[in-house]
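The values are calculated or read from the model by the stated rules, or taken from the named source; none is laboratory data. Bear in mind that the values here come from a model prediction, so they are computed numbers and not experimental data. Positions of Cβ are generated from backbone atoms using ideal geometry, with glycine treated the same way; all protein chains shown enter the neighbour counts. Surface areas here come from the heavy atoms of the whole protein model, side chains and all, with no ligands, DNA or RNA. Shrake-Rupley method; radii C 1.70, N 1.55, O 1.52, S 1.80 Å.
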Amino acid sequence: MALTFAATLLGAACVAHFGLQYNFLYQPAIFLTLTLSIQLVLLTWWLAYLAPRLSPLRRFPLASQGSWWKTFLLEPTPTDLQRFMDETPNDGLIRYFGVFHGERLLLTKPQATKDMMLLQPYNFNKIPVSKKLIGQLTGRGLLVVDQDEHKSLEKEIGIASGERSATLPTVDVDGWMMRATLDIIAATGFGVKVNAIQAPDSALATVLPLSNSTSPQASFYRLLGFLLPEWLYFRLPMARRYEVDQVVNALHDATMPLIRSRKAEFSQQKALDPEAEDGDTKSTSRDFAETDVITTLLRFPQQLSDKELLAQSMSILLAGQDTTSVATTWALYLMAHHPQIQSRLRQEVRSNLPSPAATDGSVDASLVESLPYLAAVCSETLRLFPPAPILRREVVKAGTSILGEHIPVGTQVITSIWGTHRTRHIWGPDVLAFKPERFLRYTEDGKAKFDSHGGLQGEAATYCFLPFGAGVRSCIGERFARGEFAILLAALVGKFEWTLIDPKAKFGEDVKVNFGLVLKPDGGLFLHASKVEGW
Ligand code: HEM
């Protein structure tokens with residue numbers, strides 16, 4: 001602010017000086033252009049040269065990023081952060097610059113992530129740009145609320161439980177997984193049938209994927225999120241903003257009628273049994289209403305307004321759909337590249353689970369969780385392709401420290417889940433290989449058991465494998481997501497064989513990763529699928 005004011009004064013002085021000399025003092029357009037240009041130069045000089053040299057974080061090692069103007073309009077991707085972690089000698093904290101030369105602190109040790117996520121969680125908020133991008137879609141829901149508001153909501157909302165061959169059918173994996181997970185979260189979280197699988201053209205099914213668009217327009221719009229205040233950002237007359245509005249409207253239209261009907265049911269129950277504690281209110285009409293998200297929210301001691309109920313419901317819908325969808329997409333990509341692993345998984349699934357077509361078999365969470373190879377394949381997928389690749393926070397309380405170092409208010413602090421999952425000294429020299437075996441250990445009689453920590457011990461076990469985050473703001477849907485991911489993968493691999501469209505495609509090089517709100521294959525993922533008889 002002070003700098004802008006100084007720049008304005010300086011601009012005005014320059015213009016006055018030259019204006020008197022060249023007689024254009026009274027031409028407002030010239031005055032304005034010159035003043036703004038001088039402000040811009042001064043601001044760039046401040047951001048790129050002076051601020052980094054005066055920064056209280058300058059004591060930390062700086063990642064090598066090349067000249068500032070090359071990265072000025074780019075936020076480093078998780079791959080860049082992984083390179084910083086690999087190349088920069090450090091004691092747990094690395095300094096780097098993000099878009100518009102904003103300073104960031106990258107945490108590289110488990111203890112540092114523990115300090116942020118577990119020991120002082122309420123000293124940090126989600127960063128403003130995340131709040132803008134996600135908040136625009138959901139309103140003030142659990143995903144974006146600041147820590148004080150989060151405390152009162154914390155954990156209350158638990159969820160119960162190339163060249164294409166003409167001969168083999170080609171599947172748009174990404175698209176189908178999006179529709180499948182939309183149907184699942186709508187049915188299990190809200191008790192509503194969207195039927196996106198049967199009716200891919202339904203409003204919600206066609207519009208929801210726009211929320212995580214990877215188009216250049218969407219990327220540019222995200223970039224503006226770093227620069228503009230919320231009131232202006234939400235009103236920009238841009239095609240992408242209208243697209244986001246479309247998503248919000250579709251979500252409103254799907255959620256608002258549910259909120260109204262659950263509210264009516266809830267007040268009816270209260271009227272019938274006014275003595276009942278909020279938490280004890282029994283559902284009379286449908287078993288489902290015992291566990292769905294909106295009813296759970298209605299049981300809060302403090303009453304939530306319709307707007308708040310809507311924001312929380314939309315947060316669950318969004319957070320619970322795309323993440324599991326991309327996890328399954330990546331798992332099928334890995335299966336296609338590793339046919340032997342795929343066969344072993346199919347064998348385990350077929351010998352322990354009934355076929356989805358069977359009418360006499362039932363599957364529950366404990367049965368799915370009892371399959372060690374399935375759990376290991378899912379965890380190894382989440383290691384190599386964590387759907388949420390980065391945890392970003394901003395320090396909001398004075399006295400915050402990480403690894404004993406004082407970190408000033410306003411600092412953006414980052415844990416790279418992607419980078420941590422791909423660090424050689426944690427996972428070994430074969431860190432980039434897909435090896436579900438990492439998540440297995442064997443008993444003396446040779447039986448495989450699932451090891452949820454991937455062989456890591458102590459603090460590393462919690463803070464070096466963290467696809468669902470850590471601490472009080474970790475994923476509330478973890479158990480639900482793990483079950484959903486496992487059962488989807490089991491059904492898809494049990495029933496079909498997944499193969500590459502180009503058999504010569506190289507693992508890791510054939511698909512570009514897009515680091516949007518969630519980690520997606522750029523341009524989608526297309527695979528061949530052929531039915532395997534006998535299940
Ligand atoms: C494979 C699937 C999933 C992955 C990898 C995943 C990952 C994550 C991660 C890393 C966070 C922490 C973000 C942060 O600290 O900034 C998070 C938070 C969250 N997740 Fe998930 N998630 C998944 C599925 C789900 C599902 C199915 C639901 C809902 C049913 C859900 C609901 C949420 C919510 C509401 C939060 C915010 C929690 C809070 O701030 O207290 N997620 N998730």
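List the pairs whose first member sits in the range 421-434 and is over 18 Å from His338 (Cβ atoms), whose second member is at pLDDT 95 or above and among the hydroxyl-bearing types (Ser, Thr, Tyr), and whose Cβ atoms are under 9 Å apart, counting only residues at least 6 apart or on separate chains?
As it stands, the answer is Thr423/Thr108; Ile426/Thr420, since those pairs meet every condition given.
Looking at the range 358-365, can you tell me whether even one residue there is at pLDDT below 95 and touching a helix residue (DSSP H, G or I) at 6+ places or on another chain (Cβ under 9 Å)? So that I can check it myself, show each step before the final result.
Of all residues in the range 358-365, those at pLDDT below 95 come to 358-365.
After this cut, where a residue has to be touching a helix residue (DSSP H, G or I) at 6+ places or on another chain (Cβ under 9 Å) as well, the list is 363, 365.
Yes: the range 358-365 contains one or more residues that are at pLDDT below 95 and touching a helix residue (DSSP H, G or I) at 6+ places or on another chain (Cβ under 9 Å).
Is the range 382-395 home to any residue that is in contact with an Asp or Glu (Cβ under 7 Å, 6 or more places away or on another chain), more than 18 Å from Gly92 (Cα to Cα) and not small (Gly, Ala, Ser)? Don't jump to the end; show me each part of the working.
Restricting attention to the range 382-395, the residues satisfying the condition of being in contact with an Asp or Glu (Cβ under 7 Å, 6 or more places away or on another chain) are none.
Within the range 382-395, not a single residue is in contact with an Asp or Glu (Cβ under 7 Å, 6 or more places away or on another chain), more than 18 Å from Gly92 (Cα to Cα) and not small (Gly, Ala, Ser).
Out of Gly494, Gly458, Gly508, which single residue is modelled with pLDDT under 95, more than 30 Å from Lys114 (Cα to Cα), away from the ligand (no atom under 16 Å from the Cβ) and not polar (S, T, N, Q)?
Gly508
List, please: which pairs have Cβ atoms under 7 Å, are six or more places apart or on different chains, and start with a residue in the range 437-465 that is of a type in the set (S, T, N, Q) and end with one that is assigned to a loop (DSSP other than H, G, I, E, B)?
If the second residue must be assigned to a loop (DSSP other than H, G, I, E, B), the pairs left are Thr462/Ala470.
Testing Gly404 on (1) surrounded by fewer than 16 Cβ atoms within 10 Å (Cβ to Cβ); (2) within 15 Å of the ligand (Cβ to nearest atom), one condition comes back false. Which one is that?
It is condition (2) that Gly404 fails.
Quick one: would you say Leu391 is surrounded by 22 or more Cβ atoms within 10 Å (Cβ to Cβ), under 13 Å from Met116 (Cβ atoms), within 16 Å of the ligand (Cβ to nearest atom) and not charged (D, E, K, R)? Steps first, answer last, please.
Numbers: surrounded by 22 or more Cβ atoms within 10 Å (Cβ to Cβ): yes; under 13 Å from Met116 (Cβ atoms): yes; within 16 Å of the ligand (Cβ to nearest atom): yes; not charged (D, E, K, R): yes.
Here the answer is yes, as Leu391 does meet what is asked.
Regarding the range 125-143, can at least one residue be identified that is modelled with pLDDT under 85 and farther than 30 Å from Lys397 by Cα?
no
Which of the helices (runs of 4 or more DSSP H) found entirely inside the range 299-376 contain at least 1 residues meeting this: under 25 Å from Ser530 (Cα atoms) and open to solvent by 10 Å² or more (accessible area, probe 1.4 Å)? Can you show your working first?
Values: elements: 306-319, 322-337, 339-352, 365-369.
Correct list: 322-337, 339-352, 365-369.
Of the numbered conditions (1) within 16 Å of the ligand (Cβ to nearest atom); (2) closer than 28 Å to Arg346 by Cβ, Gly361 fails exactly one; give the number of that condition.
(1)
Out of everything in the range 174-207 that is hydroxyl-bearing (Ser, Thr, Tyr) and at pLDDT below 90, what residue ends up being nearest to Arg140 (Cα to Cα)? Working first, answer last.
To start, the set of residues in the range 174-207 that are hydroxyl-bearing (Ser, Thr, Tyr) comprises 181, 188, 202, 206.
Filter once more, so that each one left must be at pLDDT below 90: 188, 202, 206.
Values: Thr188: 23, Ser202: 27, Thr206: 24 Å.
Out of the qualifying residues, it is Thr188.
Hey, could you check the range 461-471 for residues that are among the hydrophobic types (A, V, I, L, M, F, W, C) and more than 16 Å from the chain's Cα centre (by Cα) and say which is nearest to the ligand (Cβ to nearest atom)?
Here is the first cut: in the range 461-471, the residues among the hydrophobic types (A, V, I, L, M, F, W, C) are 461, 464-466, 468, 470.
After this cut, where a residue has to be more than 16 Å from the chain's Cα centre (by Cα) as well, the list is 461, 464.
Details: Ala461: 16, Cys464: 14 Å.
The residue in question is Cys464.
Here is a yes/no grid of residues against (1) open to solvent by 30 Å² or more (accessible area, probe 1.4 Å); (2) outside any helix (DSSP H, G or I); (3) closer than 27 Å to Leu47 by Cα:
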| site | (1), (2), (3) |
| --- | --- |
| Pro76 | no, yes, yes |
| Asp80 | yes, no, yes |
| Leu106 | no, yes, yes |
| Thr113 | no, no, no |
| Met116 | no, no, yes |
| Val129 | no, no, yes |
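Check whether at least one residue in the range 153-173 is at pLDDT 85 or above, in contact with a helix residue (DSSP H, G or I) (Cβ under 7 Å, 6 or more places away or on another chain) and within 14 Å of the ligand (Cβ to nearest atom), and report yes or no.
no
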